[in-house]
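Report on the structure given below.
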Amino acid sequence: MKRESIARGKVTIITPHTTFKLSSNESLLDGLLRTGHQIEYQCRNGYCGACRCKLVSGEVSYPTLPLAFIPAGEVLTCCGKPESTLVLDLPAAEKTTTAKTNEVKKEQIPHTV
């Protein structure tokens, strides 16, 4: 028996930082980025596994089986399709201070004499 999946735009995503609805035709990764989450990613197609995060509860399907390994209790945010409300455990966002940002910029400027 095939069950109907929840229409996008009605899927609720819950993280330690916020709760939001996934917009129509928006990937889980894009929704997380839109709501200010800092999550690593590379390929956006399920090849590398960089966007993997802990799935506390909920169901995710993969229209095409990703090449990256997905351990039990984790989800690839780039290609996983939420089938229910998801609760994700994401690490706290790292805040970059202005001083640190300026230091990085100064280091990248070549010195000429």
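How about region 1-100: which strands (runs of 3 or more DSSP E) wholly inside it have at least 3 residues that are modelled with pLDDT under 95?
Hits in region 1-100: none.
Pairs only if they're at least six apart or on different chains, beta carbon under 6 angstrom, first in region 33-50 and among the charged types (D, E, K, R), second assigned to a loop (DSSP other than H, G, I, E, B); list them, first residue then second.
If the second residue must be assigned to a loop (DSSP other than H, G, I, E, B), the pairs left are E40/A50; R44/C78.
The values are calculated or read from the model by the stated rules, or taken from the named source; none is laboratory data. Treat the numbers as computed from the prediction; the structure is a model and nothing was measured. Every residue, glycine among them, receives a Cβ derived from its backbone with ideal geometry; neighbour counts consider all protein chains shown.
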